[in-house]
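The values are calculated or read from the model by the stated rules, or taken from the named source; none is laboratory data. Owing to the predicted nature of the structure, the values given are computational and were not obtained by experimental measurement. Positions of Cβ are generated from backbone atoms using ideal geometry, with glycine treated the same way; all protein chains shown enter the neighbour counts.
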Amino acid sequence: MRELQCSVTLLDKIFIFIIGCFIIFIPVYFIINKTYSDSEFLWITTPNEEFVYSMDKPQNIEVKGHIGTTQIEIKDKKFRFINSECPNKQCIKSGWISFPMIPVVCLPNGVSAVIKKNKTKKSLEIDGVAM
């Protein structure tokens with residue numbers, strides 16, 4: 001029976017080293033890029049107004065809706081609804097949100113909040129509502 005011989009050349013070692021660097025440094029790049037990326041902003045929409053808040057500093061926000069006041073907390077670059085006048089409290093049950101473009105909506109009160117990467121209106125807009 002014949003035995004297979006396997007020899008690793010210098011070119012193979014260089015190729016393996018380059019692939020290893022990509023496997024290690026690409027995730028590190030994305031983690032650093034996320035950490036030091038541009039500021040994000042919390043866009044809060046009410047029946048009458050739209051507000052924009054920086055996600056960089058902790059704060060509690062109160063806004064008026066159709067049936068009462070909604071309280072939203074910003075902390076550690078994430079937000080949550082902490083109180084609302086709605087009957088089922090689904091907005092509060094959503095918990096902390098830290099990713100952009102994931103909206104939290106309190107339908108009875110007409111208040112919504114979403115994180116966006118920029119402070120201008122050119123971001124993705126809601127184009128309709130189904131009832």
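For the reader, a short list of remarks on this structure follows.
- Filtered by the rule that a residue be more than 19 Å from K119 (Cα to Cα) and surrounded by fewer than 11 Cβ atoms within 10 Å (Cβ to Cβ), the stretch 56-74 gives a lone residue, E62.
- Extreme residue, farthest from the chain's Cα centre (by Cα), among residues of the stretch 1-38 that are of a type outside the set (D, E, K, R), at pLDDT below 75 and part of a loop (DSSP other than H, G, I, E, B): M1
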